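Heads up, the thing below is written out as C-alpha cells.
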Amino acid sequence: AGGTKFLREDGDGTSSWQVAGLEPESYWGGNLIRNYPALEAADGVQPEWWEKTGDPALTQEDATGASIPQKHEQVLKLVISADGGGADYLYQDFDDADEGVLDDNVTKVSAGCWVYTADAGTVTLELYDVVGTTSLGTNTTVVTSTWTWLEVLDKTYQDSMRFRVTHSAHNATVYVAMPTLNVGATV
C-alpha cells in the first residue's frame, strides 16, 4: 500500500516481496567487487581490497601504458614469477557477515571478468568456497594476445567465497579487466 516493492526469487524454490532501495539487505543485483577500478590514482600500486597468494606482483596499471589493447582504461596486472604457477593468484574474499545480500546455501551468485595474456598456459577464473576449500565453479581460456571473457554462472554461495584469477605458467603476466560478482544466475 503506497510503497514500491519487487518480487525476488529467493533461490530455495520460494519468492518474497522486497522493499526497493539501495540498502544492502534489500538490494539484489549490482557488482559486489570492491575497488575496481581502484581509487588509487598511481599505476604500479596494489589496490586496496585486492589480495594475492604466493610471491607474484599485483598492481593496477593503465592498459595503454602496459602496451596491451585497451579493454578498460585501468586493469589489474598479475606477474607470476618462476616459483609460482597455479598457486599464485589474485583474489577478493566475500562473507555473508560483510555482505547482507549473501545467504549461506541459498543465494545464487555469478562471476565474470575479461582476461588478457601473451604467455602460453591456462588462465582460470574460479569461485572458491574458502571455508570448505572446494571449487564452486571455474572457467578457463588458453587464448593469448586478445581479451577473453570468462564467466562462472549460477553457483550457490557457501560459507564464504573467493573470486580468484590465476595463470598456470611459471613465468606469466595476466591482466584482468571489469571483474564482476553478481547475485543471481547471470553476470
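Structure summary
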| item | result |
| --- | --- |
| Pair E73, A120: separation of 7 Å Cα→Cβ label points (nm) | 3.7 nm |
| Calculated log₁₀ intensity ratio I(q)/I(0) where the Debye formula runs over C-alpha points of the chain, q = 0.11, 0.13 Å⁻¹ | -0.50, -0.68 |
| Selection of chymotrypsin sites (Phe, Trp or Tyr not before Pro), the stretch 41-107, meeting DSSP coil and at most 16 other Cβ within 10 Å | W49 |
| Accessible carbon and sulfur surface of the chain relative to its total accessible area, %, 1.4 Å | 49 percent |
| Under 5 Å, built H, 5+ apart or other chain: amide partners of A172 | I80 |
| Placed amide H near V130: partners under 5 Å, 5+ positions off or other chain | S160, M161, R162 |
| Residue among V143, Q60, A185 farthest towards the positive dipole end of the chain, charges placed on Cβ | V143 |
| For peptides 95-101, 31-37, sequence by mean Cβ density within 10 Å, most packed first | 31-37, 95-101 |
| Solvent-accessible area per residue, Å², over the chain with all protein chains present [probe radius 1.4 Å] | 48 Å² |
| The chain: relative contact order as a whole-number percent, Cα under 8 Å and 6+ apart | 25 percent |
| Length added when fully stretched, T146-N31, from 0.36 nm per residue minus Cα-Cα | 39.0 nm |
| For the stretch 97-187, convex hull volume per residue from C-alpha positions, Å³ | 91 Å³ |
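The values are calculated or read from the model by the stated rules, or taken from the named source; none is laboratory data. In this text the structure is predicted, and so the values were computed from the model without any measurement. For neighbour counting, all protein chains shown are included, and Cβ atoms are generated from backbone atoms with ideal geometry for every residue, glycine included. Accessible surface areas use protein heavy atoms only, side chains included; no ligands, DNA or RNA. Shrake-Rupley method; radii C 1.70, N 1.55, O 1.52, S 1.80 Å.
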